[in-house]
Amino acid sequence: RPHDDAMSRPYPLHALAALTCLLACAVAMPVQAAPDRDGAVRVFATADTLCERDGGALWGESLCGPILVVDPADRAVIANRQDPGGVLVEQDGVFVGTLPETAILANTRVEWSGSDWTQLLWPVPLESSLLRVLLMHEMFHRIQPTLGLTRKEAGNRHLDTRDGRYLLQLEWRALARAVLAVDADVRRAHVGDALAFRAERRRLFADAAAEEAALEINEGIAEYTGVRLGLARDEERRAFAVFDLARSIGAPSFVRSFAYASGPAYGLLLDDADPMWRSRLGADADLGTLLAQALRIDVAALADLDARQRRYDADGSLRSAEDARDRERLARVSHWRATLVDGPVLVLPLQHMNLQFNPQTLAALDDVGTVYPTLRLTDTWGALDVVEGGAALIHADYTRATVALPRNGDGRRGEGWTLTLAPGWTVTPGPRAGDMTLVREASESSP
């Protein structure tokens with residue numbers, strides 16, 4: 001097997017990051033603390049240049065469209081065009097206003113005042129590869145539903161287990177070497193290793209294939225688009241793809257963040273192997289399967305997993321690190337189960353939820369659901385804000401969320417969380433003794 005090129009040696013991903021960031025990050029500029037007209041105009045101009053350069057070629061539709069630049073401190077907004085609802089006011093060539101308290105603040109696609117927007121939170125890196133990738137990623141999200149490339153996400157809770165995390169990181173190490181390999185045979189061999197680790201992970205965890213594929217479409221394709229359209233040269237794109245893999249290593253959790261790392265690598269490898277691959281992104285598309293088909297790799301025949309593992313973790317240091325992390329995880333899980341499941345909780349029914357969270361901090365609570373250490377959750381009943389030191393559990397069936405109730409609490413606040421109720425809602429005793437929940441207040445009948 002052609003594994004004798006320099007990048008096939010078991011370099012850790014953080015070492016590759018030091019090399020690739022010279023290309024991917026060298027032009028990064030300091031961030032600006034608060035948005036002003038000039039800064040916003042520079043963002044708008046960069047977005048226009050990038051999406052006009054693409055001309056709709058990558059996805060058959062232009063990424064150009066409405067953009068909101070938002071200061072999360074006071075919700076002040078600067079936009080590149082007037083909103084259909086007429087909330088924003090024209091001022092010196094841009095449109096300004098304030099987002100309502102109910103609006104979720106995040107780098108994402110938002111529906112507001114009669115339009116679909118690309119929303120960007122300040123601060124952002126100005127005039128850098130990081131900004132260009134971010135812009136194309138988030139602008140793709142705005143058109144993603146019209147392309148049929150949105151999927152219903154599940155928990156991916158297996159990626160908080162020792163084996164799930166270990167096999168994922170082995171896959172990343174193989175992908176990084178595949179992306180950087182010059183020789184086609186060497187690249188194909190590393191891809192085979194990556195697909196072997198991927199297949200073993202999905203063999204161990206029954207729902208892993210569908211759950212991972214959904215997030216790779218939702219976020220992995222967006223990040224691939226950011227890299228593909230935000231950067232002009234192939235070597236920059238490859239460097240940034242490895243940078244994405246490398247910078248994900250330090251994330252506290254891979255449950256909701258892994259696809260940002262793997263998406264660009266699979267996308268760029270597919271560009272080489274099958275330039276028409278994007279036309280085959282159907283409802284059940286899987287990036288690994290598409291790449292295996294393009295390179296004629298029989299995943300079922302990939303054997304010698306132990307030998308492949310030694311190529312990417314020769315000294316066993318990655319396995320040892322994951323063993324230690326798993327011991328700490330089990331202690332956290334025990335605490336969360338005691339406070340968010342077994343102890344008294346406030347039960348928040350979920351009907352039309354919107355979430356604002358850090359995707360790198362989510363953690364699995366076995367088969368119960370996902371823990372959010374920080375969160376802003378809005379629904380018809382109002383808003384729940386969870387800050388550092390608190391935690392909320394969103395159950396696996398997405399019908400309810402829970403937070404720990406303090407002794408003799410009123411259901412409006414607890415350790416690290418506060419609840420703001422919408423008019424017409426109240427806190428009432430829950431079905432289980434000691435719990436509380438939210439219900440609509442009974443309307444007064446006419447005399």
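The values are calculated or read from the model by the stated rules, or taken from the named source; none is laboratory data. As the structure is a prediction and not an experimental result, all values here were calculated from the model. Neighbour counts are summed over all protein chains in view; Cβ atoms, including those assigned to glycine, are modelled from backbone coordinates with ideal geometry. The area values use the complete protein model at the heavy-atom level, side chains included, leaving out ligands, DNA and RNA. Shrake-Rupley method; radii C 1.70, N 1.55, O 1.52, S 1.80 Å.
Checking the conditions here, which among T339, T370, T361 is among the polar types (S, T, N, Q) and in a strand (DSSP E or B)?
Details: T339 fails: in a strand (DSSP E or B); T361 fails: in a strand (DSSP E or B).
Within the list T339, T370, T361, the selection yields T370.
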- Task: From the list L295, L281, pick out the single residue that is aliphatic (A, V, I, L, M) and under 27 Å from R157 (Cα atoms).
- Result: L281
- In the set V368, V386, V347, the lone residue that is of a type in the set (A, V, I, L, M) and more than 24 Å from A103 (Cα to Cα) is V368
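Wholly within the stretch 88-189, which strands (runs of 3 or more DSSP E) include no fewer than the required count, namely at least 3 residues that are not β-branched (V, I, T)? Can you show your working first?
Details: elements: 89-91, 94-98, 108-112, 115-121.
Result: 108-112, 115-121.
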- Message: Return the residues of the stretch 227-257 that are part of a helix (DSSP H, G or I), in contact with a Gly (Cβ under 9 Å, 6 or more places away or on another chain) and open to solvent by less than 20 Å² (accessible area, probe 1.4 Å); say none if nothing qualifies.
- Response: V227, F240, A241, D244
- Starting from the stretch 206-228, take each residue that is free of Cβ contacts under 8 Å to residues at least 24 places away in the same chain and list its partners that are open to solvent by 10 Å² or more (accessible area, probe 1.4 Å), counting only C-beta distances under 8 angstrom and pairs at least six apart or across chains. none
- Filter result (open to solvent by 10 Å² or more (accessible area, probe 1.4 Å) and either of a type outside the set (A, V, I, L, M, F, W, C) or outside any helix (DSSP H, G or I) (or both)) within the stretch 258-274: Y260, D271, D272, D274
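Does R42 qualify as being exposed (fewer than 11 other Cβ atoms within 10 Å of the Cβ), charged (D, E, K, R) and under 24 Å from R228 (Cβ atoms)?
Details: exposed (fewer than 11 other Cβ atoms within 10 Å of the Cβ): no; charged (D, E, K, R): yes; under 24 Å from R228 (Cβ atoms): yes.
So R42 does not fit the description; no.
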- Message: Looking only at the stretch 392-431, count every residue that is assigned to a loop (DSSP other than H, G, I, E, B), of a type outside the set (G, A, S) and closer than 20 Å to V371 by Cβ and tell me the total.
- Response: 6
- Message: Please go through (1) of a type outside the set (D, E); (2) open to solvent by less than 40 Å² (accessible area, probe 1.4 Å); (3) within 22 Å of L170 (Cα to Cα); (4) assigned to a helix (DSSP H, G or I) for R310 and return the number of the only condition it doesn't satisfy.
- Response: (2)
- Message: Suppose we filter T361, T370, T374, T378 for residues that are free of Cβ contacts under 8 Å to residues at least 24 places away in the same chain and buried (at least 18 other Cβ atoms within 10 Å of the Cβ); which single one remains?
- Response: T374
- Total residues in the stretch 80-138, condition aromatic (F, W, Y) and touching a His at 6+ places or on another chain (Cβ under 8 Å): 0
- Return a yes/no flag: does the stretch 280-297 have any residue that is closer than 30 Å to T49 by Cα and part of a helix (DSSP H, G or I). yes
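Among the residues of the stretch 278-307, what is the count of those that are within 26 Å of the chain's Cα centre (by Cα) and loosely packed, with under 12 Cβ neighbours inside 10 Å?
Quick first cut of the stretch 278-307, residues within 26 Å of the chain's Cα centre (by Cα) only: 278-292.
From what is left, the residues that are loosely packed, with under 12 Cβ neighbours inside 10 Å are 279, 282-283.
Of the residues in the stretch 278-307, 3 are within 26 Å of the chain's Cα centre (by Cα) and loosely packed, with under 12 Cβ neighbours inside 10 Å.
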